[in-house]
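Read through the structure below, which is laid out as structure tokens, and then see the notes.
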Amino acid sequence: MTVSGPETPTRQHPLAELFEADAAPLIEDAADNHTVLTVDRGHLLEVLRRLKETPELDCDLLLDICAVDYEDRRPRFEVVYHLTSLDKGHRFRVKVPVEENDPVVPSAYGIWKAADWFEREAYDMMGIRFDGHPNLRRILCHEAFQGHALRKDYDPAQRWLFTDQETMTPSWTDEEGEDDGDHFEAQVLNLGPSHPATHGTLRTVMRLDGEVITRADAEIGYLHRCFEKMSETHGWNQVIPYTDRLNYCSSHLNGAGFALAVERMLGIEAPPRAQVVHVILSELSRLMDHAVCLGAVLVDLGALTNFWYFFQVREEIYGLLESCAGGRLTVSYARVGGLAHDVPADFSERVRYLLGYIPKFIDDVERLITTNKIFRDRTEGVGAISAEDALAWGWTGPCLRASGVPYDVRKAYPYFTYGEYDFEVPVATSGDCYARYLVRIEEMRQSLRIVRQAIDDLPSGPVITDDHHAALPPKEKVYSEMESLIWHFKLIYEGIKVPPGDAYAFVEGANGELGYYIVSDGGGKPYRVKVRPPCFAIYQAFPHILEGHLVPDAVAILGSLNIIAGELDR
Amino acid sequence: MRQPDGSSTHLTTRVDAMLGWVRKNSLWPLPFGTACCAIEFMSVVSSHYDLSRFGAEVVRFSPRQADLMIVAGTITDKMAPVVKRIYDQMAEPKYVISMGACACTGGFYRAYHVVQGVDELIPVDVYVPGCPPTPEALMHGVLKLQEMIQQGETNYDRLRARNADPAASPS
């Protein structure tokens, strides 16, 4: 294969020879350790297929698809794909420019099933149509919604009235079931959105043959509260309270991830003390998240006691968070460049107290549940998914690890000070609800292990960067020094000036890889923030897992996946 | 009431006051939890804060069995018909606590898919501010509602009074 001539020097990229000459994309290395491929839509599928199937590239995981509206550019839209190879560790960003008057690109659903909901979301939010998608309709906004909310010319406050009559029911619910005389008449059952087992906001419509689910469809968007549009109308630090409300069971993880993403774009780093505090609070947040997940799934299966045990653990951690940040649940403690303020003087004592206090509760739950026959009967072999399927659907996090793939961002791409700690990534192989339970229990122990090491060498020093392009100078200096006063003034009036460009940064959220794809135009506000929510990829496989299971299994499966609506719907 | 010496005494009250006293101490909440506030609501009913001390711990997810709807979390336009329908399914007398900034006013989501306060859809008796409110704040809201039930000041009481005598109160 020949590489194209010297008149297009960027095609000299070492990877260029892996693509057909006429389809060769423009390849560049971006600062965020991604290889960026720009390709026209006619060659998109060919390039994507190459990325997946060429052994040297081996991109088995499609992480995210989103669209960006560059209002002043022609072509106006850009569809962006994020891909990674778990074995090779390299990451790709594929960009496809799309014209406003013909916003169509071919669907990648045939290559990665993970494309399913991500493409629907891009259609809903930006009006990009994906040719060949099996079910391209709105996903987050309601059926009566007009326009595409994330386009730059859409007014953030423009609402559309929605009534009961317009609620969607899948088309297949009207179809006649196969009547072979031996079976019951097919019956359609609606579960949710207001149902105790659907956590308030998830709706599933299923067709039953007797008690066996033969087909299911999940409807989401009941908590779509416009995170991404709100991010575009607020300053960089003002986005952090919104991120807290993505996965509100483990809010600090989200804020720390967003701060990290912006810090990388600015080329700054939080001071060591802030990074270690981030790690400690993130791990405790992860533990809290697993606690609420396991507590809830056990309640749904009829074991109430564990819920009280785990909530006691949460109460104790809330105490620590409240002493640091002032809030219990939604802490807003992270800032671009570090932390809002230092931890309290008794932080170490409080953390050590938690380290002694929490294990007993985990042990108690394990004693009650792990070998409990009823629980095992309800969960073993239920909702099993193979590693290949989990990857195809874009799963990450504990659910993927329960299927036997040991991918954990903290190990694979260490951030903050995770590289310094000794911890295991728990993996199970059966991929069923029971495996997901076991993985989460063990992850809680590993989180405590990380916290123990982190608190032992908590460095002293500042908790926010002294780069005043990103962080305010201390107040006493503002009152006494001219330069600090100017910095203060500029930051308050103009906001943080993040250099123009785009970057994708990711952390290990409680449910898997939580990524932020951020586009900056150099102004005081983000131009576009796209979250890669781990729940979203996990939940799109849910209706497919359900087929062949019983209705009560649906409850167990849903609980074990730990779908957090704030993150799912944003 | 029988006294130790054998004589009997009476306790006189109005039926309304008696009913109010009964109702306020046996609220059965339906948590219409959608978001972060629902997690904080779980704290309120868990052992540490223990809402049962105020007679309101029998959480029911069926609107037919509940008389207090606690709207905990952001209500989106997509969810609006659901809230309305579930409220309509509750038997009277029924009360509503709006928990958190989103349910009260839309909170900091002044956005294209968010209901700007659940009182666009259903009548609210007590607003509990906070994002999310602390458990103490929600308990304060429940106590306040109990007070209102005893005094006959809830939306339900007002509506009933108006239906009984349309000319009387313009409220």
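The values are calculated or read from the model by the stated rules, or taken from the named source; none is laboratory data. Quick caveat, the model's predicted, so the values are computed rather than measured. Here the Cβ is made from the backbone with ideal geometry for all residues, glycine too, and neighbour counts use every protein chain on show.
One table, with the values for the structure above:
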quantity: Within region A:77-181, strands (runs of 3 or more DSSP E) holding 1 or more residues that are closer than 30 Å to A:Lys411 by Cα and touching a residue at least 24 places away in the same chain (Cβ under 8 Å); calculated: A:77-84, A:91-98
quantity: Single unsatisfied condition, A:Glu232 versus (1) more than 14 Å from chain B (Cβ to nearest Cβ); (2) more than 26 Å from A:Gly192 (Cα to Cα); (3) surrounded by fewer than 23 Cβ atoms within 10 Å (Cβ to Cβ); calculated: (1)
quantity: Index of the failed condition, A:Ala144 passing every other in (1) touching a Phe, Trp or Tyr at 6+ places or on another chain (Cβ under 7 Å); (2) within 20 Å of A:Asp64 (Cβ to Cβ); calculated: (2)
quantity: Pairs with Cβ under 8 Å, 6+ apart, first in region A:541-570 and more than 14 Å from chain B (Cβ to nearest Cβ), second of a type in the set (D, E, K, R) and assigned to a loop (DSSP other than H, G, I, E, B); calculated: A:Ala541/A:Lys113; A:Leu550/A:Glu211; A:Val551/A:Glu211
quantity: Single unsatisfied condition, B:Ile70 versus (1) within 22 Å of A:Phe307 (Cα to Cα); (2) modelled with pLDDT under 90; calculated: (2)
quantity: When residues of region A:144-168 are limited to those that are under 28 Å from the mean Cα position of the chain (by Cα) and of a type in the set (D, E, K, R), the one nearest to the other protein chains (Cβ to nearest Cβ); calculated: A:Arg159
quantity: Residue list for region A:220-230, filter: under 16 Å from the mean Cα position of the chain (by Cα) and either outside any loop (DSSP other than H, G, I, E, B) or under 20 Å from A:Glu71 (Cα atoms) (or both); calculated: A:Cys226, A:Phe227, A:Glu228
quantity: Residues of region A:23-71 satisfying the condition of being part of a loop (DSSP other than H, G, I, E, B), over 23 Å from A:Met125 (Cα atoms) and not polar (S, T, N, Q); calculated: A:Ala23, A:Ala24, A:Pro25, A:Ala30, A:Ala31, A:Asp32, A:Pro55, A:Glu56, A:Leu57, A:Asp58, A:Cys59, A:Asp60
quantity: Out of A:Ala537, A:Ala554, A:Ala510, A:Ala503, sole residue that is surrounded by 24 or more Cβ atoms within 10 Å (Cβ to Cβ), closer than 23 Å to A:Asn254 by Cα and out of contact with any Phe, Trp or Tyr (no Cβ under 7 Å at 6 or more places or on another chain); calculated: A:Ala510
quantity: Meets criteria (closer than 29 Å to A:Ala556 by Cβ, within 9 Å of another protein chain (Cβ to nearest Cβ) and touching a residue at least 12 places away in the same chain (Cβ under 8 Å)) for A:Tyr222; calculated: yes
quantity: Residue within region B:120-134 that is assigned to a helix (DSSP H, G or I) and either modelled with pLDDT of 90 or more or among the basic types (Lys, Arg) (or both) present; calculated: no
quantity: Helices (runs of 4 or more DSSP H) wholly inside region A:422-501 that include at least 1 residues being in contact (Cβ under 8 Å) with a residue 24 or more places away in the chain; calculated: A:433-456, A:482-494
quantity: Scope region A:1-23; condition at pLDDT below 70 and surrounded by 16 or more Cβ atoms within 10 Å (Cβ to Cβ); matching residues; calculated: A:Arg11
quantity: Candidates B:Pro132, B:Pro81 - the one that is within 11 Å of chain A (Cβ to nearest Cβ) and touching a Leu at 6+ places or on another chain (Cβ under 6 Å); calculated: B:Pro132
